[in-house]
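The values are calculated or read from the model by the stated rules, or taken from the named source; none is laboratory data. Since the structure is predicted, the reported quantities are computational estimates derived from the model, not experimental observations. Backbone-built Cβ (ideal geometry, glycine too); neighbour counts: all protein chains shown. With ligands, DNA and RNA removed, areas are computed over all heavy atoms of the protein, side chains included. Shrake-Rupley method; radii C 1.70, N 1.55, O 1.52, S 1.80 Å.
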Amino acid sequence: MIYLDNAATGFPKPQSVTEEMVRCMRQYCGNPGRGSHRLAMEAAERIFECRVSLASFFGAENPENVIFTPNATTALNLAIKGLLKDGDHVLISDMEHNAVLRPIHRLAKEGRITYDVFSSMATRSDATAEQICAELERLLKPHTRMLVCSHASNICSYHAPLRELGAFCKRRGLLFVVDAAQSAGHLPINVREMQIDALCAPGHKGLMGPQGSGFLILGEGLVADTLTEGGSGYHSLEADMPTEAPERYEAGTLATPAIVGLLTGLEEVKRLGPSSILRHIEALNLRLQNQLLGMSGVTVYTPHHVGSVLLFNIDGMAADPVGTELDRMGFCVRAGFHCAALGHTTLGTPSGGAVRVSPGIFNTRSQIDAFANAVEMIAKKNKRLKTSPI
């Protein structure tokens, strides 16, 4: 199989990641913070090492503001539900994943908050950060408290202008929450320079870690309400959760093997270099895009954006049968709506959604060419079937 579904999860994982996870489970997988013995202490040391590495990589001042979660969705729920108060108004973009839309929608449905959707202008090739900020200015209300946006879309290669959006939020006194699920590991992110209050990301995509790893980097001085309460190995005689990060937000046993896997994956990202990873992925994406754009009966969405994700359809075919046929031919892609109803509405995809291709660092040009040939074969076969006499 040729794997082209890295927007869902990175695959394959570097060998160093699996080896370190196995070593952890065999040699030092004690319960961190729950014992004075060497196995618990070594596990705790490795977890703190991961906090330090993530804080440094993303420009955070304090490693203790790195909070481990099972995935980016949990991190987003913690940031959104933990920082918003009753009566707040929120702005989200029209390219948001359901990990943002659904918690916001639920709070609004319960009557606790209100929200508006602003235009990312992803379908425009001439849009500027200034125009997006003007749109935000128009939607501001006296009680607007938070802006939430995806750094990079999970259905096309649109990237939000984080630096300008962060500056806008700073000027207007808004909390700035960023979903970095599709950007962490290859697009530059610095929480201080971009004035990000809450950075949410998975460990299992661009950071090359395992599934079950994710994190929230919370801004200095921010205290969020908790989603879960329980043991933290800290202030055990008190009924209240600790007030200090990260223990306040990490109730229960941490997933030590997943966290050390994330640490090892991050080390691999640093070794390869995020800019080199980005150049490789963008080159593959552009190569595929150029081939698909030259095919009759194939529609490519937002071709003016080049990045890590490409969305297309074969005219007259629903997305799911295309994905099934590609799987039969040996290619892993994802068809449908990709948990991104807002984005699909913005891009104007048909009722069956579209087919997403997301190459990664381990893919090659020859694999991209083979995939393009497969799409062309399906498109030609579909055209023959449509034009054949009954």
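Return the pairs, sorted by first residue and then second, in which the second residue is open to solvent by less than 80 Å² (accessible area, probe 1.4 Å), the first residue lies in region 45-56 and is farther than 23 Å from Pro188 by Cβ, the beta carbons are less than 6 Å apart, and the residues are 6+ apart or on different chains.
So the pair list comes out as Arg46/Val260; Ile47/Pro32; Ile47/Ile259.
Can you name the strands (runs of 3 or more DSSP E) wholly within region 305-390 that have at least 2 residues being at negative phi and open to solvent by less than 40 Å² (accessible area, probe 1.4 Å)?
Passing ranges, in order: 310-314, 354-357.
Working only within region 9-52, note down all residues that are buried (at least 18 other Cβ atoms within 10 Å of the Cβ), of a type in the set (Gly, Ala, Ser) and closer than 30 Å to Val309 by Cα.
Gly10
Scan region 184-204 residue by residue and report those that are closer than 19 Å to Pro63 by Cα, assigned to a loop (DSSP other than H, G, I, E, B) and of a type in the set (A, V, I, L, M). Write out each step before concluding.
Step one: filter region 184-204 for residues closer than 19 Å to Pro63 by Cα, giving 184-185, 188-203.
If we keep only those that are assigned to a loop (DSSP other than H, G, I, E, B) too, we end up with 184-185, 188-197, 203.
Matches in region 184-204: Ala184, Ile189, Val191, Met194, Ile196.
Which of the numbered conditions does Asn154 fail, given that it passes all the others? Conditions: (1) over 26 Å from Pro202 (Cα atoms); (2) in contact (Cβ under 8 Å) with a residue 12 or more places away in the chain; (3) of a type outside the set (Ser, Thr, Tyr).
So the condition that Asn154 fails would be (1).
Quick grid of which residues meet (1) under 25 Å from the mean Cα position of the chain (by Cα); (2) at pLDDT below 95:
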{"site": "Arg356", "(1), (2)": "yes, no"}
{"site": "Gly360", "(1), (2)": "yes, no"}
{"site": "Asn363", "(1), (2)": "yes, no"}
{"site": "Ser366", "(1), (2)": "no, no"}
{"site": "Glu376", "(1), (2)": "no, no"}
{"site": "Ala379", "(1), (2)": "no, no"}
{"site": "Asn382", "(1), (2)": "no, yes"}
{"site": "Ile390", "(1), (2)": "no, yes"}
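Listed here are the residues, each with its yes/no results for (1) over 27 Å from the mean Cα position of the chain (by Cα); (2) at pLDDT 95 or above; (3) assigned to a helix (DSSP H, G or I).
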site	(1), (2), (3)
Gly10	no, yes, no
Glu20	no, yes, yes
Cys24	no, yes, yes
Asn31	yes, no, no
Ser36	yes, no, no
Ala43	no, no, yes
Glu49	no, yes, yes
Ser56	no, yes, yes
Glu64	no, yes, yes
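Return the only residue of Phe168, Phe118 being touching a Cys at 6+ places or on another chain (Cβ under 7 Å) and either of a type in the set (Ser, Thr, Tyr) or farther than 19 Å from Ile67 by Cβ (or both).
Going through Phe168, Phe118 in turn, the sole match is Phe168.
For region 208-229, which residues satisfy the criterion of being open to solvent by 80 Å² or more (accessible area, probe 1.4 Å) and polar (S, T, N, Q)?
Gln211
Being of a type in the set (Gly, Ala, Ser), free of Cβ contacts under 8 Å to residues at least 24 places away in the same chain and outside any helix (DSSP H, G or I) is the filter here; which residues of region 232-277 pass it?
Passing the criteria: Ser236, Ala239, Gly273.
Starting from residues that are closer than 13 Å to His186 by Cα and of a type in the set (A, V, I, L, M), keep the ones in region 254-292 and report whichever is most open to solvent (accessible area, probe 1.4 Å).
Leu272
Report the residue count in region 107-118 for those that are open to solvent by 70 Å² or more (accessible area, probe 1.4 Å) and either more than 17 Å from Arg145 (Cβ to Cβ) or in contact (Cβ under 8 Å) with a residue 24 or more places away in the chain (or both).
Final tally of qualifying residues: 2.
Can you list residue pairs whose Cβ atoms sit under 7 Å apart, with the first residue in region 333-362 being of a type in the set (Phe, Trp, Tyr) and the second being at pLDDT 95 or above and open to solvent by less than 10 Å² (accessible area, probe 1.4 Å)? Count only pairs 6 or more apart in sequence or on different chains.
Qualifying pairs under 7 Å: Phe337/His344; Phe337/Gly353.
Do any residues in region 119-141 that are within 18 Å of Glu96 (Cα to Cα) and open to solvent by 50 Å² or more (accessible area, probe 1.4 Å) have Cβ atoms under 7 Å from those of residues that are modelled with pLDDT of 95 or more and not in a loop (DSSP other than H, G, I, E, B), where the two are at least six apart or on different chains, and which pairs are they?
Thr123/Thr346; Thr123/Leu347
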